[in-house]
Every structure is written in structure tokens, then in C-alpha cells.
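Trainee: What follows is a single structure, and I will ask about it in a moment.
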Amino acid sequence: MSSALPAVLGGHPAFAEGLPLVRPTLADPTSIARRIADQLASGVLTNGPTVRELEQRVAERLGVTDAVAVSSCTAGLMLTYQALGVTSEHRVVLPSFTFSASAHAPTWAGAHVDFCEVTDERGSLDVADLAARLDEPWPVGAVSATHLYGHPAEVERIDALAAERGVPVVYDAAHALGSERSSQPIGGFGTAEVFSLSPTKVVVAGEGGLVTTNHADLAAAIRLGRDYGNPGSYDCLFPGLNARMSELHAAVALASLAQLDANLERRQALVDAYVSALESLPGLRVIAQREGDRSTHKDLTMDIDEAEYGLSATDLVRALAAEGIDCRRYYAPPIHRQEAYRNRRRDDRALPVTDSLADRVLTPPLWSHLPQSAVERVAESIALVHEHAPRVAAALQARRGDR
Ligand SMILES: *Cc1c(COP(=O)(O)O)cnc(C)c1O
């Protein structure tokens, strides 16, 4: 037993200066600034040669015929569903245990969302439940799965099942630029995969996204769609968006992409450090990718067994906040529990695995240049809170009672 107390019981906070959940890693801001200065001088500020270069690099790296840069992953998903002809006559089957934008995009396309279960082990789309839903009569416009935390979804089974039913698959690959399924880069699975370059992701543009596909017609439709649906004549073919990527964002993304492999190595080392520092504690399990797969570890998420650890995930978040450690609970509430979707569901079938996992998850800080010593200090805090779990629970309970 250590003599120190957790901050929530009056001890000294582990990170008095605060430890943020995530920070973007950009190694050489000066060279990015130089490139942006050149762009400003050239007068080409959007959808120009830097965007082309980014698209080409990404297509090469991921081994796909087309990469289309867009202003965000959400916009990329919206345009993809539109281009696939998904409308209000369709439902899109997707998990609820993911980020809200996975469901917002088909909803903007007019479709209904049909929330599917995930696996208890890693929150990955449950293929058996997907199969059962595809057997139901209402037309399915598309299936979507998320490569959650960068851990590849069960792409072979999902793609085979969808192909059998003639349904397109749109992967939400927001977390997965750099992930690999058995040495195959994420990017070429399904009908399309859609990545995010927003600041909390591993490759960042500031704001941005990428749609990758091996279907040239789909890529062409998304290129049109990101530009209002305007083929150049101002006689728009369909109501598109302005979802172009600016040259400035593409410059940031290219610099970030160049660091990707180095950052993935660092993240794997940090995850390994978290795992080895936490493995002796009861009731804590780091959710891992399948063996043989490569994950970006966009997030490290732990599954907390309240009975074993001594506190719920929610209480542990509070106890760690007192230490100055910023944690989240990805993904709680799951989408089907969010206000926006309460009245939009096709049915009110229970999602017990999703609900249970959402109650148990905790995501501590992880970013590519996070020092390993910080990981060790976070793990020490988690151990200290566990040591004092009954008193911490009582203190948090009393605080809730005060309010
Ligand atoms: C971040 C994220 C998105 C949205 O990405 P934007 O680029 O911010 O639109 C979509 N899906 C998942 C799973 C995400 O984490």
C-alpha cells in the first residue's frame, strides 16, 4: 500500500497542470507554414495541386484506384450514401456503438437507421445480428461498420454477407488511416471507406476527410458531389454540397501523413506500456485489435468490470478528472440512446451488448507524442484509485447527494 491518497480524497493531483485526452502531433510546423505561404502566393486556395498530391499519396499507400479528399469524414459519408442512391425508401444497417456522425450521414441522405449489435469483446459489428437484420423485408440501402479505435472490423465476413445480398458496404474508417487487416491496408474493403483528418485523429488536416474506393464511377460521383453537383457548366446534376478540401488543409495533411508510420510505432509502444502497467490490476481489460491486424490505436479504450475493479467507469472518470487526467467514455451514450435518435429508430429492439459495453468503457489520454512517463503516471493513478476504491466510491456518492 502506498501512503499517498487519490486527489478525489484530498491527495495531490497526479497532473496538477492537467493531462489532455488528445493532442495533434505535427513534427515540423515551420515547413508546413512555408508550404502554405507558397499556396497563398499562388492564389490557388482550394481543390488544387496539394489536394491532388494528397489524394495520390493516399491512393498509393492504401492500394486503391481512387481517393477523394473532402472537407470532413461526415461530409464524405453523406456524399457516399447519396452517390450510392440511398434514399428515404431505405434503411442503413449500422452499429450504435460508434461516433454519432456514423448515423448522421445516412440520416442526412434521408435513410432510416437500423442499429445493429456489436461484439462484447471489441465493440465490432456483430455479423450474426447483421445477417438477421438483412433477412428482414424493408429494403436495405447500405451496411456500415466502424473500424472502432482503429481495430479493423470483420471485413471479410461483412463484405461477403453484403455481396450475397447485393448491398453496398460503407466503412466508417475515421479511426483507421494506417490500420491493416492481415497486412491488407484498410481503405480497399467494402464499396467505399471514409476517413477523418480532424484534430483528434492520427493523421490530421485541421478538418478534412478522404473517401477511398476501387469503383471509379462512385469516385466520380463523389468528386461531383463535393463541388455542389456542378459538372463545370453550372447545370448541376444533383444537389451536392460544398465539401471540398482546401489547399491549406491538404498541406497539413501531407505533413501529417509523412509521419504516420513513426506515429503508429509510438502509439503501439504506448499501448503496450498501458497494458503492462495495468495488467496486474483486477477488473481492467484493454480492448485490443485481433491478432495479426494492425491498429492505429486512435484511442485506447478499457473495459472496466465494476465488481472486480471496485468502481464504475463513470466514477473512475471522475476520480481521474480530480487527478487532472482528461478521460472520455467512447462510446457512451451509444447513438440509439442519444436524444437525436430516440424517435428515429425503426423499432425499439433492445441492444443489450451495446448498452452493457457503453456502461463499461473508459478512454484515457493517448496521442502520438505522449511521453511514456505520462502513461506510467496515469496507470499509477488508476492503481491508487483502485486501492482506495470503497472510499472513492463513497466520496463520489456523497458529492452526488450534495447536488
Ligand atoms: C471523428 C469521427 C467521425 C467524423 O469525422 P469528421 O471528420 O469530424 O466529420 C466519424 N466517425 C467516427 C467513428 C469518428 O470518430
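Trainee: Helix-only estimate, please: 222 nm mean residue ellipticity of the chain, summing -39500 (n - 2.57) across DSSP H runs of length 4 or more and dividing by its residues, to the nearest 500.
Mentor: After summing the helix terms and dividing by residue count, I get -12000 deg cm²/dmol.
Trainee: Follow-up question, since we're still on this one. What relative contact order, as a whole-number percentage, does the stretch 1-144 give when Cα pairs under 8 Å and 6 or more residues apart are counted?
Mentor: Dividing the mean separation by the residue count of the stretch 1-144 yields 17 percent.
Trainee: For the stretch 300-374, what does the alpha-carbon gyration tensor say about shape, rounded, prolate or oblate, given a ≥ b ≥ c as the root eigenvalues, a/c under 1.5 as rounded, and a/b over b/c as prolate?
Mentor: Taking the square roots of the gyration eigenvalues as a ≥ b ≥ c, the stretch 300-374 is prolate.
Trainee: Still on this structure, please answer the following. Out of residues 5 or more away from Val70 or on other chains, whose amide H comes under 5 Å of its own, with H placed 1.01 Å from N in the peptide plane?
Mentor: Residues meeting the criterion, in which the H sits 1.01 Å from N, are Gly209, Leu210, Val211.
Trainee: Here's a follow-up. Round to the nearest 10 and give me the degree value, 0 to 90, for the angle of helix 49-62's Cα axis relative to the longest principal axis of the chain.
Mentor: Tilt relative to the chain: about 70 degrees.
Trainee: Mind checking the angle between helix 216-225 and the chain's longest principal axis? C-alpha axes, 0 to 90 degrees, to the nearest 10.
Mentor: The helix 216-225 is inclined about 80 degrees to the chain.
Trainee: Relative contact order for the stretch 179-310: what percent, with Cα pairs under 8 Å and sequence separation of 6 or more?
Mentor: After rounding, I find 23 percent.
Trainee: If packing is taken as the mean number of other Cβ atoms within 10 Å per residue, what is the order of 290-302, 6-18, highest first?
Mentor: 290-302, 6-18
Trainee: Roll a 1.4 angstrom probe over the protein heavy atoms and tell me the percent of accessible area of the chain that is carbon or sulfur.
Mentor: 52
Trainee: If packing is taken as the average count of other Cβ atoms within 10 Å, what order do 249-257, 327-335, 306-314, 20-28 fall into, highest mean first?
Mentor: Result, highest mean Cβ count within 10 Å first: 249-257, 327-335, 306-314, 20-28.
Trainee: Right, something else. Assuming a ≥ b ≥ c are the square roots of the Cα gyration tensor eigenvalues, decide whether the stretch 190-320 counts as rounded (a/c under 1.5), prolate (otherwise, with a/b larger than b/c) or oblate.
Mentor: The shape class here is prolate.
Trainee: With the contact rule set at Cα under 8 Å and sequence spacing of 6 or more, what percent relative contact order holds for the chain?
Mentor: 24
Trainee: Next question. Would you mind working out the magnitude of the charge dipole of the stretch 166-229 relative to its Cα centre, with +1 at each Lys and Arg C-beta and -1 at each Asp and Glu C-beta, to the nearest 20 Debye?
Mentor: Roughly 40 debye, rounded to the nearest 20.
Trainee: Amide H of Asp227: which non-local residues (sequence gap of 5 or more, or other chain) have their own amide H closer than 5 Å, using H built in the peptide plane?
Mentor: When sequence neighbours closer than 5 places are left aside, the close amide H contacts are Leu241, Ala243.
Trainee: Helix 313-322 against the longest principal axis of the chain: what's the angle in degrees, Cα atoms only, rounded to the nearest 10?
Mentor: That helix lies at roughly 80 degrees to the long axis.
Trainee: Quick check: from the Cα gyration tensor, does the stretch 144-240 come out rounded (a/c under 1.5), prolate or oblate?
Mentor: Taking the square roots of the gyration eigenvalues as a ≥ b ≥ c, the stretch 144-240 is oblate.
Trainee: Here's another thing I want to ask about it. Report the Stokes-Einstein translational diffusion coefficient (µm² s⁻¹, integer) for the chain, Rh taken as the Kirkwood radius over Cα pairs, at 25 °C with viscosity 0.890 mPa s.
Mentor: Translational diffusion coefficient: 111 µm²/s.
Trainee: Suppose all protein chains stay in the model; what accessible area per residue would a 1.4 Å probe give for the chain, in Å²?
Mentor: Ligands and nucleic acids excluded, the figure is 41 Å² per residue.
The values are calculated or read from the model by the stated rules, or taken from the named source; none is laboratory data. The structure presented is a predicted model; accordingly, all values stated were derived computationally and were not measured. Reconstructed Cβ throughout: ideal geometry from the backbone, glycine too, with neighbour counts over all protein chains shown. Heavy atoms of the whole protein, side chains included, go into the accessibility calculation; ligands, DNA and RNA do not. Shrake-Rupley method; radii C 1.70, N 1.55, O 1.52, S 1.80 Å.
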